[in-house]
Structure formats: C-alpha cells, structure tokens
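The values are calculated or read from the model by the stated rules, or taken from the named source; none is laboratory data. Being a predicted model, the structure only gives us computed values, none of them experimental. So basically every Cβ, Gly included, is an ideal-geometry build from the backbone, and we count neighbours across all protein chains shown.
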Amino acid sequence: MARRGAGGRYRGLTQLGRRTAIPASPEEATLERVPSPHPREAYLVRFQAPEFTCLCPVTGQPDFARLVIDYVPRAWIVESKSLKLYLASFRGHGAFHEDVTVAIGLRLAGLLKPRWLRIGGYWNPRGGMPIDVLWQTGRLPDGLRPPDPGVSPYLGR
C-alpha cells in the first residue's frame with residue numbers, strides 16, 4: 001500500500017522510479033496499487049497490452065494475445081509499471097489461454113477491489129483457431145460505457 005509523500009510522491013512503491021528486472025514468473029511479480037485520485041467518482045480506466053505473450057503448456061511454443069483491461073476504481077488504482085512488469089512475467093509461463101486471462105483478472109480484482117473489472121484476452125490462432133476469453137466482475141456501473149475493445153473478429157488479426 002502506498003502513501004502520499006511530500007511533493008505528491010508515493011512512498012511504499014518498490015518499482016516505480018527504479019530499475020526493475022522482469023519477474024521470472026507471475027507468482028514472483030509484485031502488483032502495486034496507489035490511492036484513486038477520485039474515489040467517489042465512477043470513471044473507467046483502460047489498459048491494453050497489444051503484444052502479450054506466454055507459452056503453450058503442452059508444446060512450450062509462444063502464444064500471442066492482445067489484452068484489454070477495463071476497470072472502474074473504488075479506493076485504488078493499479079500502478080502501471082507494476083502492471084507492465086507483471087504482464088511481462090508471463091513470457092516464460094506455460095498456461096492455457098483461459099487460465100492466463102482469468103488469472104490476471106482475478107489478481108487485479110483481488111488487489112484493487114474495483115467497482116467493476118473486465119479483461120478480454122484476444123488470442124492469435126492456435127491450431128488455426130483464435131480464442132477470445134472474456135471475464136468480468138459484476139455489472140458495469142450505470143452511466144458508464146466502455147469503448148469498444150478495438151479488436152476485430154478474426155480476419156488474420
């Protein structure tokens with residue numbers, strides 16, 4: 001948990017402003033959060049990872065996806081450098097698309113306790129078939145409309 005320090009800086013963060021190696025695995029990665037600047041407002045935050053990679057748990061071959069993460073914060077927002085490092089830690093991790101996508105969503109939801117969170121994993125074809133995995137918590141708050149994820153149906157993505 002980070003606290004505001006003098007000059008608007010955050011103390012307690014272990015990665016921001018420091019040279020940080022990519023964690024060896026998602027389990028070793030540290031996801032960090034900071035206080036939401038507007039905890040009473042319902043606003044939407046989107047992160048996209050257009051070049052996400054992990055490994056097939058059977059063949060060890062790389063799998064590629066575009067991840068789109070939308071969430072509506074309560075008290076916390078994710079610190080973006082820690083999120084980038086966490087996502088990069090999957091490069092050497094073997095898991096099925098469904099497991100990876102849902103595990104990321106669950107970890108973020110557990111850390112942030114958002115009003116709402118949705119993750120879309122838009123995976124490039126494996127065996128000639130693309131796999132799209134969508135997971136979300138609860139219902140989107142009234143009055144918010146997340147933009148289209150920007151990922152077209154598979155036509156050679």
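At a glance:
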item: Residue in segment 29-39 that is hydroxyl-bearing (S, T, Y) and out of contact with any Lys or Arg (no Cβ under 9 Å at 6 or more places or on another chain) present; result: yes
item: Of the criteria (1) buried (at least 20 other Cβ atoms within 10 Å of the Cβ); (2) closer than 26 Å to T20 by Cα; (3) in contact with a Leu (Cβ under 9 Å, 6 or more places away or on another chain), which one A65 fails; result: (3)
item: When residues of segment 89-134 are limited to those that are assigned to a loop (DSSP other than H, G, I, E, B) and charged (D, E, K, R), the one farthest from T20 (Cα to Cα); result: R115
item: Members of segment 98-136 that are charged (D, E, K, R), over 12 Å from the mean Cα position of the chain (by Cα) and buried (at least 18 other Cβ atoms within 10 Å of the Cβ); result: R115
item: Qualifying residue in segment 17-31 (condition: polar (S, T, N, Q), modelled with pLDDT under 95, surrounded by 12 or more Cβ atoms within 10 Å (Cβ to Cβ) and farther than 29 Å from R126 by Cβ); result: yes
item: Only listed residue being closer than 20 Å to G60 by Cβ, modelled with pLDDT under 90 and out of contact with any Leu (no Cβ under 6 Å at 6 or more places or on another chain), chosen from G92, G128, G150, G156; result: G128
item: Which listed residue, of P141, P149, is under 19 Å from D70 (Cβ atoms) and either crowded, with 19+ Cβ neighbours inside 10 Å or in contact with a Gly (Cβ under 6 Å, 6 or more places away or on another chain) (or both); result: P149
item: Within segment 25-72, considering residues that are aromatic (F, W, Y) and within 21 Å of P114 (Cα to Cα), the one nearest to the chain's Cα centre (by Cα); result: F47
item: Subset of segment 22-65 (residues that are in a loop (DSSP other than H, G, I, E, B) and among the hydrophobic types (A, V, I, L, M, F, W, C)); result: I22, A24, A29, L31, A42, L44, C56, V58
item: Residue under evaluation Y43, criteria (1) more than 30 Å from M129 (Cα to Cα); (2) touching a residue at least 60 places away in the same chain (Cβ under 8 Å); (3) touching a Leu at 6+ places or on another chain (Cβ under 7 Å); (4) not hydrophobic (A, V, I, L, M, F, W, C), criterion not met; result: (3)
item: In segment 68-97, residue surrounded by the fewest Cβ atoms within 10 Å (Cβ to Cβ) [restricted to those that are among the hydroxyl-bearing types (S, T, Y) and in contact with a Ser or Thr (Cβ under 8 Å, 6 or more places away or on another chain)]; result: S89
